[in-house]
Structure formats: structure tokens, C-alpha cells
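Since the structure comes first, as C-alpha cells, the remarks are kept for the end.
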């Protein structure tokens with residue numbers, strides 16, 4: 001047991017990770033201050049203009065992704081070292097406008113659904129049948145409500 005501890009303490013990669021962790025704790029403190037400033041700026045901007053600022057929202061999103069990367073590394077949930085040791089997180093992921101996507105999407109989009117041949121899970125396990133593929137037309141909510149209105 002004590003030999004394992006001595007061996008672990010003598011491994012340079014362990015000490016190098018501790019050094020990276022110390023640097024990232026300082027970075028986490030700085031990013032926390034920046035997030036506080038972004039939050040205060042966003043509140044002030046929304047009080048003055050009545051809406052939020054897209055640039056501050058994008059900055060807040062990227063900073064929060066960066067904080068997540070740091071915390072994942074500090075808690076040993078990731079071996080990937082965050083920025084500045086790897087690329088800065090992309091703040092454009094998931095920031096698209098869902099309303100614009102809904103308007104731009106086709107109302108009658110094709111959706112593929114995999115349906116099992118048998119009715120129950122036990123029957124699937126016994127028969128080991130492969131699922132078959134069906135195409136289903138997805139109706140938009142507006143089209144369904146219009147159809148319901150026409151029927152009544």
C-alpha cells in the first residue's frame with residue numbers, strides 16, 4: 001500500500017496535472033469576475049433598452065462553456081485541458097434562434113421511425129426479429145389545428 005503511494009507521488013504527470021489545476025483555479029476566479037460583469041451589463045442593458053444584448057449573451061454562453069470545461073478538468077471528469085491549453089469553446093453551438101428555424105423548416109418533413117415487428121419486448125427477445133423501417137409524415141401544429149377547425 002505505501003509502495004503505491006510512493007509510486008504515485010513520484011510520477012511527474014501527477015504533479016504536472018496539479019500545476020495545471022492551480023493555474024486553472026486562478027483562471028476560474030478571473031472568469032467568474034468576467035461573468036459577474038457580463039451579468040451586470042446585461043441587466044443594465046435590458047433596463048435601458050427593454051431587451052437583452054445578443055453580444056453579451058454570446059459572451060456569457062462562451063464563458064459558461066469555458067467554466068464547465070475548467071470544472072470538468074478540476075474534478076477529474078475530463079482529461080482534456082481547457083483553454084489556453086486547447087481551443088476556446090465555440091459559443092455558436094446551440095445559439096441559433098429556434099423561432100427562425102421553425103419558420104424556415106418544412107411543415108411536412110419526413111421522419112423515419114423504427115418499429116419492431118412484435119408487440120412486446122419479451123416477444124422481441126424470443127423471436128430476435130429485426131426492426132423494420134417506416135416513413136412517417138410529420139404534420140405541423142398549425143396544419144393540425146387548421147384541420148381540426150375545418151372538421152368542426
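Brief remarks follow.
- Scanning the stretch 43-70 for residues that are without any contact (Cβ under 8 Å) to a residue 12 or more places away in the chain and either touching a strand residue (DSSP E or B) at 6+ places or on another chain (Cβ under 6 Å) or in a loop (DSSP other than H, G, I, E, B) (or both) yields a total of 3.
- Taking first residues from the stretch 74-91 that are assigned by TED's automatic domain parsing to the domain that holds residue 29 and partners that are surrounded by 12 or more Cβ atoms within 10 Å (Cβ to Cβ) and assigned to a loop (DSSP other than H, G, I, E, B), no Cβ contact under 7 Å between residues at least 6 apart in sequence or on separate chains turns up.
- All positions within the stretch 1-34 that are farther than 19 Å from residue 74 by Cα and in contact with a helix residue (DSSP H, G or I) (Cβ under 8 Å, 6 or more places away or on another chain): 34
- Counting residues in the stretch 23-42 that are in a loop (DSSP other than H, G, I, E, B) and either on the phi > 0 side of the Ramachandran plot or without any contact (Cβ under 8 Å) to a residue 40 or more places away in the chain (or both) gives zero.
The values are calculated or read from the model by the stated rules, or taken from the named source; none is laboratory data. In this text, all values refer to a predicted model and were calculated from it rather than measured experimentally. In this analysis, Cβ positions are derived from the backbone assuming ideal geometry, glycine residues included, and neighbour counts consider all displayed protein chains.
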